[in-house]
Amino acid sequence: MKFSVKGFDIHAGYLDVAAQRALLGAVRGVVAQAPFFRPQMPNGRPMSVRMSASGQFGWVSDKDGYRYAPSHPSGVAWPSIPAEVLAVWQSVTGLERQPECCLINYYSAEAKMGLHQDRDEADMQWPVVSISLGDEGLFRMGNVTRGGKTESMWLKSGDVVVMGGDSRLAYHGVDRIRAGSSKLLPKGGRLNLTLRVVT
Ligand code: SIN
Ligand code: MN
């Protein structure tokens, strides 16, 4: 089922369980090479989510600020974006242009992500595609400027969100996770993959 909330295109139940498992397997392959790390915000505090990435670029944050980086903090190059992940971008956007980053966020039961804009990319005409796997996450959607009315919905495993057009620069975040709401990840938690064109 596809619907729109504040310009965010929500493809609810886009991926069936077999597709979710295939993506999970692909993510495991990536993090075997580029292990999850906990980025520090520029103020020095650690983020509650753990991150990895695949593609030409990953997104990193430390005391020097937020940015795209060509390698994992350990120095290894990011693995390439798995074909299963690219296939989702292809089917949901129909674009010829390919994403250059698949950011992987892992939310344990206590993790969350504050309201923010995705604005480190060079060209905002390209959408950001988000894939949710595992436990449900309460996704908050705001406006292109900070403040104002927001709307929230629980994103479930297999849901895909496209942030394009009016929602491309809209504030968004994850208030909390519903621990134990999915059996996809044996140890629980939520994975979110975001696909971005960076350059
Ligand atoms: C993000 O904005 O990077 C992640 C969004 C999500 O976890 O659903
Ligand atoms: Mn974001």
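The values are calculated or read from the model by the stated rules, or taken from the named source; none is laboratory data. In this text, all values refer to a predicted model and were calculated from it rather than measured experimentally. Cβ atoms come from the backbone with ideal geometry, glycine included; neighbour counts cover every protein chain shown. With ligands, DNA and RNA removed, areas are computed over all heavy atoms of the protein, side chains included. Shrake-Rupley method; radii C 1.70, N 1.55, O 1.52, S 1.80 Å.
For this structure, a couple of remarks:
- For ARG67, the requirement of being in a strand (DSSP E or B), open to solvent by 70 Å² or more (accessible area, probe 1.4 Å) and over 28 Å from LEU184 (Cβ atoms) is met.
- Number of residues in the stretch 154-179 that are more than 11 Å from ligand 1 (Cβ to nearest atom), within 15 Å of SER4 (Cβ to Cβ) and assigned to a strand (DSSP E or B): the value is 1.
Table: residues versus (1) open to solvent by 10 Å² or more (accessible area, probe 1.4 Å); (2) touching a residue at least 12 places away in the same chain (Cβ under 8 Å); (3) of a type in the set (Gly, Ala, Ser).
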| residue | (1), (2), (3) |
| --- | --- |
| SER80 | yes, yes, yes |
| GLY94 | yes, no, yes |
| GLN98 | yes, yes, no |
| GLU136 | yes, yes, no |
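- Candidates VAL60, VAL49 - the one that is free of Cβ contacts under 8 Å to residues at least 40 places away in the same chain, open to solvent by less than 30 Å² (accessible area, probe 1.4 Å), under 26 Å from PRO127 (Cβ atoms) and within 15 Å of the chain's Cα centre (by Cα): VAL60
- Filtered by the rule that a residue be assigned to a strand (DSSP E or B) and of a type in the set (Ser, Thr, Tyr), the stretch 127-153 gives SER130, SER132, SER152.
- Every pair of residues 6+ apart whose Cβ atoms lie under 6 Å, when the first sits in the stretch 185-198 and is of a type in the set (Lys, Arg) while the second is assigned to a strand (DSSP E or B): ARG190/TYR107; ARG190/GLY134; ARG190/GLY137; ARG190/ILE177; ARG196/CYS101; ARG196/VAL128
- Hits in the stretch 152-199 - residues which are away from ligand 2 (no atom under 16 Å from the Cβ), open to solvent by 50 Å² or more (accessible area, probe 1.4 Å), farther than 30 Å from GLU96 by Cβ and not basic (Lys, Arg): TRP154, ALA179, GLY180, PRO186
- Search result, residues across the stretch 138-147 that are open to solvent by 10 Å² or more (accessible area, probe 1.4 Å) and more than 10 Å from ligand 1 (Cβ to nearest atom): ASN143, VAL144, THR145, ARG146, GLY147
- Residue match in the stretch 104-114 (condition: in a loop (DSSP other than H, G, I, E, B), within 13 Å of the chain's Cα centre (by Cα), under 20 Å from ARG50 (Cα atoms) and in contact (Cβ under 8 Å) with a residue 60 or more places away in the chain): yes
- Test result for GLN90, assigned to a loop (DSSP other than H, G, I, E, B), more than 16 Å from GLN33 (Cβ to Cβ), away from ligand 1 (no atom under 15 Å from the Cβ) and out of contact with any Phe, Trp or Tyr (no Cβ under 6 Å at 6 or more places or on another chain): no
- In the stretch 115-134, the residues that are open to solvent by 10 Å² or more (accessible area, probe 1.4 Å), within 10 Å of ligand 2 (Cβ to nearest atom) and of a type in the set (S, T, N, Q): GLN117
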